[in-house]
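Undergrad: Could you have a look at this structure, given as C-alpha cells, before my questions?
The values are calculated or read from the model by the stated rules, or taken from the named source; none is laboratory data. None of the values given here were measured: they were computed from a predicted structure. For neighbour counting, all protein chains shown are included, and Cβ atoms are generated from backbone atoms with ideal geometry for every residue, glycine included. Protein only, heavy atoms only, side chains kept; ligands, DNA and RNA dropped before computing areas. Shrake-Rupley method; radii C 1.70, N 1.55, O 1.52, S 1.80 Å.
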Amino acid sequence: MAHLLFFAGMITSFVIGFWYFRDLGDVSQMLLKVKRENTVRFIRHEYKFIAVGALSVLVMIVAYAFGGGFGWVFWIALPVVAFLYVFPWVWVHVGLRNQSTKAEYYPIKEARDFINPSASVMVFENNGHARAHSDAQMMRPHLAGDQRGLDGADVVMTYCAMANLGIGFTPTIEGQNLKLEVLAQHGNNLILRDNVSGEPIQHIYGFKDADAQTEDNGAVCAMKPSMAMKPWPTFRMSFRAFQKAYPEGEVFLNKPSANPLLRLFDMVMGIVFGWGIERQHQEAAPVMDNMTHFDARLPNKTYVWGITLGTDAVCWTDDFVMDHDNLVNAQVGGRDVVLSYDPKFESLGAWYNDSGQPVTRCDFWGDSDQGKLERVETLRSGLFWHVWVEFFPHTDVNRLADTHMPQDTAAQVAQQTS
C-alpha cells in the first residue's frame, strides 16, 4: 500500500508540476509549443492545481516515511517536483510583480538620468496631465498605475514587451473594479488575470475570455462594449519630444528595490528579460513561437499602428504614412479617421474625423483644417506585425480613404452599432 501511495503521489505531483511549468513558466515556451487552452485552463485554476499537487507531494513524503518507494527515486523526484512548482510561482508572482496601484511617477528632471532622450515612450494624458512610460522601465512590472490616477481618472498602463505594445486601460468592467495580474503570454501577447473573478484577459483585446465572441471574419470582440475595459488613447513619441510637449509631465520609473536580496533577484530577472526581448526585436522569427498565423504581407517584426472599430481591423506602417506627406485619411468600422505623423513631436497619432470632409492638415494636438479632432482610443501603437495579425488575421494593411472595408464586414459593423 505504501508503494502504491508513493508512486501515485509522485506521478500526480509531477504531472501537475509539469503542466504548471509548461503553461505558466514563460521561458518554457522557448522550448515547448504550448496550446492557449492549456494556458487559460491553468490560469483559471492555478491555486486548485497547486493545492492538489502539494497534497500529492505530501502523500509521497508520508508514504516514503512508511517504507514506500525507493530512496534514490525519492531524492531525485523531490527537488525536480519542487523546481516545477517553485520556478513558475516565483517567476510570475515575484519576478513579474506589477505596480498597478503603487507605481512611482517622477518629474522629467529626475527621469532624464534613467531614460535616453531618443527612447520611445508610451503616453496618455487627461486634461493636460500626461504620463510617459518607457519600454525599458515597463519591461518587467508590465502594469503601472497609482491611487491618484491620471488627473483623477483611474488609468493603468498595461505593457507587453514580447508584442512591443502598451495600452492604457481603465481597470473596470461594467462598473466592477478588476484586480489585474500578469500570468502568462500566448501569441506573443500577455494574458492577464482578474483576480476577483479568476478570468483570463488577453491584453490586446481587454475583455475576459468568458465574454468573448469569435466572429467569422477572425476578429474577436466583447459581446458588448461595456464588457471590455475602456481603452485610453495611448500613443508613442520620443522622450525628448515628450519633454517639449509636456514640460510638467510625469514619468514612470521602476527604480531598484531597497532590499538587497530583492534587488539582486530583480537584476538577474532583468538580464534574462533583456536577453529575450533583444532577440525578439532583432530576429525575424518569434522568440516564443506559439503563433497560429503567419502573414507575409509585412515582415514579422515590422512596427504597425492598428485600429479596431466594431469588427473592422486596419493597421498602418509609419513609413507608409510618411510617404503620404505624413497624413492618411481612411475609414475604419464606418467612421472616418486620420493617421498623422508630427515630425516635431516624433509621434504618429490616429484621430476621428467627423467633419465629413478629408483632412489635409493635422498636428500632434489634433488641431486640423477641419477643426479640433479627438484621438482614437483603440489605437495600438508600434506593435509587431506578427502579433497584430495573430489576433486580427483578417486585418487590412495601409488602407486609404478610397479603399473601403469588405461588404460583409460593413454589414457586421452596422448590425453591432444598430
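Undergrad: If you scan segment 143-159, which residues turn out to be open to solvent by 10 Å² or more (accessible area, probe 1.4 Å) and not in a strand (DSSP E or B)?
TA: Gln147, Arg148, Asp151, Gly152, Asp154
Undergrad: Going through segment 295-314 one residue at a time, which ones are in a strand (DSSP E or B) and either under 24 Å from Glu278 (Cα atoms) or open to solvent by 30 Å² or more (accessible area, probe 1.4 Å) (or both)?
TA: Matches in segment 295-314: Tyr303, Val304, Trp305, Gly306.
Undergrad: Name the single residue, out of those in segment 83-115 being outside any helix (DSSP H, G or I) and open to solvent by less than 40 Å² (accessible area, probe 1.4 Å), that is nearest to Thr170 (Cα to Cα).
TA: This residue is Ser100.
Undergrad: From the list Gly128, Gly95, exactly one residue is under 21 Å from Cys160 (Cβ atoms) and modelled with pLDDT under 95. Which is it?
TA: Gly95
Undergrad: Residue by residue through segment 68-112, note down the ones that are farther than 21 Å from Gly53 by Cα and of a type in the set (Ser, Thr, Tyr).
TA: Once the filter is applied, which keeps residues that are farther than 21 Å from Gly53 by Cα and of a type in the set (Ser, Thr, Tyr), segment 68-112 yields Ser100, Thr101, Tyr105, Tyr106.
Undergrad: Now for a separate question. Working only within segment 10-48, note down all residues that are β-branched (Val, Ile, Thr), more than 20 Å from Thr292 (Cβ to Cβ) and outside any helix (DSSP H, G or I).
TA: none
Undergrad: Spot the failing condition for Glu174; the list is (1) within 30 Å of Phe18 (Cβ to Cβ); (2) at pLDDT below 95, and only one is missed.
TA: So the condition that Glu174 fails would be (1).
Undergrad: Every residue in segment 315-340 that is part of a strand (DSSP E or B) and surrounded by fewer than 22 Cβ atoms within 10 Å (Cβ to Cβ), please.
TA: Within segment 315-340, Leu327, Asn329, Gln331, Arg335, Asp336 qualify.
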